[in-house]
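The values are calculated or read from the model by the stated rules, or taken from the named source; none is laboratory data. This is a predicted model, so every value here is computed, not measured. When we count neighbours, we look across all protein chains shown, and the Cβ atoms used for this are built from the backbone with ideal geometry, even at glycine. Quick note on the areas: whole protein, heavy atoms, side chains included, nothing else; ligands and nucleic acids left out. Shrake-Rupley method; radii C 1.70, N 1.55, O 1.52, S 1.80 Å.
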Amino acid sequence: MIIGCPKEIKPQEFRVGMTPNAAREAVAHGHQVVIETQAGTGAGFTDEDYVAAGAEMLGNASDVFEKAEMIVKVKEPQPIERKMLREGQLLFTYLHLAPDPEQTKDLLASGCTAIAYETVTDRNGGLPLLAPMSEVAGRLAPQVGAWTLQKANGGRGVLMGGVPGVGPARVMVIGGGVVGTHAARIAAGMGADVTVLDRSLPRMRYLDDVFGTQFKTQYASAGNIAELAEQADMVVGAVLIPGAEAPKLISRAQLSSMKPGAALVDVAIDQGGCFETSKATTHKDPIYEVDGVMHYCVANMPGAVARTSTIALGNATMPFMLALADKGWRQACEDDEHLLAGLNVHAGQLTYYAVGKALGIDVISPQLALKS
């Protein structure tokens, strides 16, 4: 198979879909790898690194899309990239279709087969291709939130850990999954007073057992969220419904009850955001203010630490990429129900129920798509 990796063109996205190690593995499996020139520069990989791994460098994205049978990326294809997709071509990347009707429409029109990293599952009920970026984003959230809290950025001017005689920042993390756990660990490590809210009692027991008194847990009822939001200096939104649009857990009306200059960090922004006032921002212009509350809603947070993120993502995606290339997508998905769970689009039809529900589009089962 010919595997292609174009340079990411989303603003301030420095990651790359294939590392030189991944390219080397694919070539060792007998596949041809084509990489757009300077695709890996933002993550610290040179064209020479890819050539040494056995890849062929192409001068522009259109050449990569034209030649490749499978496109491997990081972020969802941008409008100009979606025009280059073709019928029968395989796309393997993050998609986040539920809050993005235009992308969904274009992918359906292209006739391509699209497998989304964020909906591939594992035998433990986890999301193995989302997890590494969730870990990165979770660990970044308190860091960027602390920056947002600085007075020069419009924040409250509160130091996360306080100092002797001055209390620490109060941080509420909504969601105790991968993002929330890593956010809570880092915020607590910075000395903040941290509370994690979740609806799963077993998950809260796990957090209590593993982390003890490092941070507190509470049930994520509307009342508890509202009460803690009023007290919080920082709120990290870390909720996830796989493949679906994120629920809105803090309304605009609630902002008036929050502390002036408090920071909302919405890690769920890729799935539409979990605050009513969230809108996607970029690393170039990451924060904005609504009703006195500062919002940090960068839609590709892990891109800020592109090298770490690229290597972590490449480690997770490589076995699935090789399976798709070695067997073809049909056989690979037939052999692995967890990879099949990643199928979102095939030949003009939507194959992921949560996306169809969010966008009001008819869906066929992925099992039926395998046979079509």
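Annotations for the structure displayed:
- Residues of the stretch 251-274 classified as surrounded by 24 or more Cβ atoms within 10 Å (Cβ to Cβ), in contact with an Asp or Glu (Cβ under 7 Å, 6 or more places away or on another chain) and more than 19 Å from residue 146 (Cα to Cα), total: 3
- The stretch 218-250, subset open to solvent by less than 50 Å² (accessible area, probe 1.4 Å) and of a type in the set (S, T, N, Q), residue farthest from residue 149 (Cα to Cα): 221
- Of all residues making up the stretch 7-34, the number that are more than 23 Å from the chain's Cα centre (by Cα), buried (at least 21 other Cβ atoms within 10 Å of the Cβ) and not in a helix (DSSP H, G or I): 2
- Residues being part of a loop (DSSP other than H, G, I, E, B) and within 20 Å of residue 187 (Cα to Cα) - total across the stretch 255-280: 5
- So residue 107, is it within 15 Å of residue 73 (Cβ to Cβ), part of a helix (DSSP H, G or I) and either in contact with a Leu (Cβ under 9 Å, 6 or more places away or on another chain) or open to solvent by less than 10 Å² (accessible area, probe 1.4 Å) (or both): yes
- Residue among 229, 220 that alone is touching a Lys or Arg at 6+ places or on another chain (Cβ under 6 Å), small (Gly, Ala, Ser) and at pLDDT 95 or above: 220
- Flag set for residue 246, criterion: among the hydrophobic types (A, V, I, L, M, F, W, C) and assigned to a loop (DSSP other than H, G, I, E, B).
- Candidate set from the stretch 163-198 (those that are assigned to a loop (DSSP other than H, G, I, E, B) and free of Cβ contacts under 8 Å to residues at least 40 places away in the same chain); member that is farthest from residue 259 (Cα to Cα): 164
- Just one residue in the set 140, 149, 130 is buried (at least 20 other Cβ atoms within 10 Å of the Cβ) and modelled with pLDDT under 95; that residue is 130.
- Spans of strands (runs of 3 or more DSSP E) in the stretch 48-97 with at least 1 residues open to solvent by less than 20 Å² (accessible area, probe 1.4 Å) and under 15 Å from residue 321 (Cβ atoms): 70-72, 90-93
- If the condition is being open to solvent by less than 20 Å² (accessible area, probe 1.4 Å) and in a loop (DSSP other than H, G, I, E, B), then the stretch 118-127 contributes only 120.
- Residue check for residue 196: open to solvent by less than 20 Å² (accessible area, probe 1.4 Å) and farther than 27 Å from residue 15 by Cα: yes
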